[in-house]
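Here the structure is laid out as structure tokens; the discussion comes afterwards.
The values are calculated or read from the model by the stated rules, or taken from the named source; none is laboratory data. Treat the numbers as computed from the prediction; the structure is a model and nothing was measured. A quick note on method: Cβ atoms are made from the backbone with ideal geometry, for glycine too, and the neighbour counts reach across all protein chains shown. Please note that ligands, DNA and RNA were not included when accessible areas were found on the heavy atoms of the full protein model with its side chains. Shrake-Rupley method; radii C 1.70, N 1.55, O 1.52, S 1.80 Å.
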Amino acid sequence: MHDPLSYLHDELEQWRAEGTYQRLRILESESAAESRFDGKTVINLASNNYLGLTTHPKLREAALQAVRSFGVGSGAVRTISGTMRLHIQLEERIAAFKNVEACVVFQSGFAANAGTVAAILGPSDHIISDELNHASIIDGCRLSRAKIHVFAHKDVAAADHALADLADAPGHKLLISDGVFSMDGDIAPLPGLVEAAERHGAIMMVDDAHASGVLGRNGRGTIDHSGLHGRVHIQVGTLSKAIGVLGGYVCGSRDLIEFLYHRARPFLFSTSHPPPVAAACLAAFDVLEQEPERIQMLWDNTGYFKQGLKAAGFATGSSETPITPVFVGEAAQAHRFSRELFEEGVLATGIGFPTVPKGKARVRTIVTSTHTHSELDRALEVFQKVGKKLGLVK
């Protein structure tokens, strides 16, 4: 019998031939600075667990207590019978932390971005978007059916020009940018973008997934880092990276959040967070405020590792954060580099087209606050060894 999906097999075979096929690595331990994958203990430079909170005792205990008190699930979507007191407490906690009126929690950061943009805009509206914005932003823009205007990466003048060209166009205008860009690790020029949005009466939206828990006071993000409180209308954050658990959130005015309660499709049609997840997220915000040294250790480790990579001759681009790409050029080479690193005891993911532009493939590294200098030294030795073998450094 003919298989109508046989073309998928052909595509997979082509990826294997090109050296871009990736097999899922299986985590067999806690997500930590050193983790066990596929039966091998490696230094983990591929995790978003920036502050090591996935294993923090306070988060573990909060999750266990929530299971004992409320069970393992909520039983419904938020708008039917799935809104628990824990969910409201978490949203109120985040809103206070971010210095905004209100917050709504989504099941993922992807859902938060895509669901929000698609909910608040329609075909008669316009979106001005950085060319390197996250896939969830891109998908949200497409789902909204608004007209999309892409500007060159971090080019404030280009964003301003695009808004000026739309001055007489009907519809709402949304200027949207990542706060920290997930592939290059650079920080958006938010002061300039906010000024452009204000000058043209546009909605300003920032996805702060990779800045949450990393930048700003106690990890409040790029809006706090840049002193822009009250000037960014929509802030998106994540509970899956530095917070160490799962989910995403949107912060803004009470009207925005009430509107998303009624119109954001991922919120309306997804079962709410299990009690242990919500409780662990709540505990994480306590840790952010009570243990600021974790963020300082993260930045100390970031500087140490970046300096080591550069001293070895690797190209790390414009990274300003713990996300540090090591550029190699073509996707097949990036994936080979990643495989060779793993064999030598370091997990760092190869990333190529279509996640990043052709010719800009890289191995992406992320250090955490829980890496020791000894572990980072070992990782740097492996990078240099494999880099020399592949002709990437001398």
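What to note about this one:
- Qualifying residue in region 111-126 (condition: within 16 Å of the chain's Cα centre (by Cα), closer than 21 Å to G237 by Cα and surrounded by fewer than 23 Cβ atoms within 10 Å (Cβ to Cβ)): yes
- Flag for G216 being surrounded by fewer than 22 Cβ atoms within 10 Å (Cβ to Cβ) and touching a His at 6+ places or on another chain (Cβ under 9 Å): yes
- Restricting attention to region 73-97, the residues that are farther than 13 Å from A280 by Cα and either among the polar types (S, T, N, Q) or not in a helix (DSSP H, G or I) (or both) add up to 9.
- If you check D165, D160, D178, D186 for being modelled with pLDDT of 95 or more and either on the phi > 0 side of the Ramachandran plot or open to solvent by 60 Å² or more (accessible area, probe 1.4 Å) (or both), only one passes: D165.
Rundown of residues vs (1) among the acidic types (D, E); (2) surrounded by 24 or more Cβ atoms within 10 Å (Cβ to Cβ); (3) farther than 30 Å from M297 by Cα; (4) touching a residue at least 60 places away in the same chain (Cβ under 8 Å), yes/no style:
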site: G201; (1), (2), (3), (4): no, no, yes, no
site: I223; (1), (2), (3), (4): no, yes, no, yes
site: S226; (1), (2), (3), (4): no, no, no, no
site: V236; (1), (2), (3), (4): no, yes, no, yes
site: S240; (1), (2), (3), (4): no, no, no, yes
site: G244; (1), (2), (3), (4): no, yes, no, yes
site: Y261; (1), (2), (3), (4): no, no, yes, yes
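- When region 169-199 is filtered for residues that are without any contact (Cβ under 8 Å) to a residue 40 or more places away in the chain and either over 18 Å from the mean Cα position of the chain (by Cα) or assigned to a helix (DSSP H, G or I) (or both), the ones remaining, listed by number, are P191, G192, L193, V194, E195, A197, E198, R199.
- Meets criteria (aliphatic (A, V, I, L, M), modelled with pLDDT of 95 or more and surrounded by fewer than 20 Cβ atoms within 10 Å (Cβ to Cβ)) for I88: yes
- For region 98-127, a tally of residues being of a type in the set (A, V, I, L, M, F, W, C), in contact with a helix residue (DSSP H, G or I) (Cβ under 6 Å, 6 or more places away or on another chain), within 20 Å of H273 (Cβ to Cβ) and in a helix (DSSP H, G or I) returns 4.
- Odd one out for R60, checked against (1) farther than 30 Å from M297 by Cα; (2) open to solvent by 90 Å² or more (accessible area, probe 1.4 Å): (1)
- When residues in region 1-20 are screened for being touching a residue at least 40 places away in the same chain (Cβ under 8 Å) and not acidic (D, E), 2 of them pass.
- Of the residues V104, V100, V77, the single one that is under 14 Å from F267 (Cα atoms) and open to solvent by 10 Å² or more (accessible area, probe 1.4 Å) is V77.
- For first residues located in region 141-168 and part of a helix (DSSP H, G or I), partners that are open to solvent by 70 Å² or more (accessible area, probe 1.4 Å) and lie 6+ apart or on another chain with Cβ distances below 6 Å form the pairs C141/I148.
- Members of region 202-229 that are in a helix (DSSP H, G or I) and of a type in the set (A, V, I, L, M, F, W, C): I223
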